[in-house]
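The values are calculated or read from the model by the stated rules, or taken from the named source; none is laboratory data. In this text the structure is predicted, and so the values were computed from the model without any measurement. Cβ: placed from backbone, ideal geometry, glycine included. Neighbour counts: every protein chain shown.
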Amino acid sequence: MNSVWIISAAIIATIITRWGVLWLPKKVKKSQFLTYLSNYLPVASFGLLVVYSLKDTKITTTPYGLPELIGVTLVILLQLWKDNIIVSIFISSFIYIVIVNTL
């Protein structure tokens with residue numbers, strides 16, 4: 001029963017944040033603060049996800065964080081080369097999974 005309340009709260013919060021923007025006055029939509037948030041919040045979110053995903057990496061035991069290092073490096077290199085985040089994430093995730101399953 002607790003899961004139902006958590007999922008319901010997540011659904012309601014998502015609906016409010018997605019649809020709430022449609023009802024904001026034009027003056028608020030063009031504010032400098034919202035412009036700032038729309039420019040920097042996605043980058044901050046990705047940074048937070050990277051830190052969260054690497055937090056349990058053990059660099060003192062085998063394989064010494066090597067699969068994670070290869071995955072992150074591959075994402076950066078593919079993004080610089082192809083400039084397509086979908087390609088970067090899918091290819092590096094695939095390579096990471098192959099490396100983890102073969103070690």
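Some values worked out for this structure:
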quantity: Close pairs from the range 59-73: first in a loop (DSSP other than H, G, I, E, B), partner of a type in the set (Gly, Ala, Ser) and modelled with pLDDT of 90 or more, Cβ under 9 Å, at least 6 apart; calculated: 59/65
quantity: Condition check for residue 28: exposed (fewer than 12 other Cβ atoms within 10 Å of the Cβ) and under 18 Å from the mean Cα position of the chain (by Cα); calculated: no
quantity: Hey, residue 99 touching a Pro at 6+ places or on another chain (Cβ under 6 Å) and part of a helix (DSSP H, G or I) or not; calculated: yes
